[in-house]
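Below is one structure, written out as structure tokens, with a few remarks after it.
The values are calculated or read from the model by the stated rules, or taken from the named source; none is laboratory data. Keep in mind that this is a model prediction, so the values were computed, not measured. So basically every Cβ, Gly included, is an ideal-geometry build from the backbone, and we count neighbours across all protein chains shown.
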Amino acid sequence: MIFFGTKGRSIKIDSGKFHCPSCKVEKEYEKKYVQDWFTLYFIPVFPIGSKKNEHIECTECKDIYHLDVIDYQPAPDASAIESEYEKALKNVLCLMILADEEVDIAEIKMVSNIFENLTKNKKFSENQINKIIKNIKQENLTVDDYLKKVRPYLNDGHRELIIKAMYLVATADGHLDDKESELVMQTATVLEMTSAHVKGVLLELDNQNKN
Ligand SMILES: [Zn+2]
């Protein structure tokens, strides 16, 4: 059997210095675009798609931003620019709240806590959560569609954290049912993660919870 498929690759086109909102000091950045490549046995062989999704990646913290971050100048009263990963994490968490169609205050509190834990104490307020939920409903977003759109902006570590976030929401009621585990595995596929990789991530999480 021959294994073939496609995989998005980031290619560097420029570099320079910028004020990284995440590192909070001046750092080197790399400007990159994403292109789909044809893969054979998981090895990229040749490019097939157009060059798209230009972005800025901090070489220090690996966070990814839109191009306009180059002009970002920190001001004491301005709120920090969010990385694409933080935006994605917020949206995925809200999509999980909406998965069972019901939104209750306990779920909102839980999501706020999970976000804080995964981002080392960044806040995700009830107000913000309600705003995003409203937006998701209006745009009729699904987890799949949304992640396909933001996938180029997520590095490997971010993809793992998104899977962890989904798992934490799904298991908040004490167990992971078949439908929930299917959703987690499906998301992993969209994020171009192998099932072995995901199982490793979830096992690590389980071990942390036991300790
Ligand atoms: Zn940085």
Of the residues 89, 95, which is touching a Leu at 6+ places or on another chain (Cβ under 9 Å), more than 12 Å from the ligand (Cβ to nearest atom) and at pLDDT 90 or above?
89
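Among residues belonging to region 191-211 that are surrounded by 10 or more Cβ atoms within 10 Å (Cβ to Cβ) and not in a helix (DSSP H, G or I), point out the one that is modelled with the lowest pLDDT.
Of region 191-211, the ones surrounded by 10 or more Cβ atoms within 10 Å (Cβ to Cβ) are 191-195, 197-206.
If we keep only those that are not in a helix (DSSP H, G or I) too, we end up with 191-194.
On the way: 191: 90, 192: 88, 193: 89, 194: 84.
Per the criteria, the residue is 194.
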By residue number, the members of region 113-135 that are assigned to a helix (DSSP H, G or I) and under 16 Å from the mean Cα position of the chain (by Cα) are 114, 115, 116, 117, 118, 132
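Evaluate the following for residue 146: is it crowded, with 21+ Cβ neighbours inside 10 Å, part of a helix (DSSP H, G or I) and modelled with pLDDT under 90? Show your work before the answer.
Details: crowded, with 21+ Cβ neighbours inside 10 Å: no; part of a helix (DSSP H, G or I): yes; modelled with pLDDT under 90: yes.
No, not satisfied.
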When (1) out of contact with any Lys or Arg (no Cβ under 6 Å at 6 or more places or on another chain); (2) β-branched (Val, Ile, Thr); (3) more than 16 Å from the ligand (Cβ to nearest atom) are applied to residue 13, the one that fails is (1)
Residues of region 17-57 being part of a strand (DSSP E or B) and within 11 Å of the ligand (Cβ to nearest atom), which ones?
18, 19, 26, 27, 28, 29, 56, 57
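Looking only at region 162-190, which residues are outside any helix (DSSP H, G or I) and without any contact (Cβ under 8 Å) to a residue 24 or more places away in the chain? Please lay out each step first, then the result.
In the first step, residues of region 162-190 are kept if they are outside any helix (DSSP H, G or I); the result is 171-177.
The answer is 171, 173, 174, 175, 176, 177.
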Pairs only if they're at least six apart or on different chains, beta carbon under 9 angstrom, first in region 85-108 and closer than 17 Å to residue 144 by Cβ, second surrounded by fewer than 14 Cβ atoms within 10 Å (Cβ to Cβ) and at pLDDT below 85; list them, first residue then second.
95/142; 97/104; 99/179
Restricting attention to region 143-155, does a residue exist that is more than 17 Å from residue 198 (Cα to Cα) and in contact with a strand residue (DSSP E or B) (Cβ under 8 Å, 6 or more places away or on another chain)?
yes
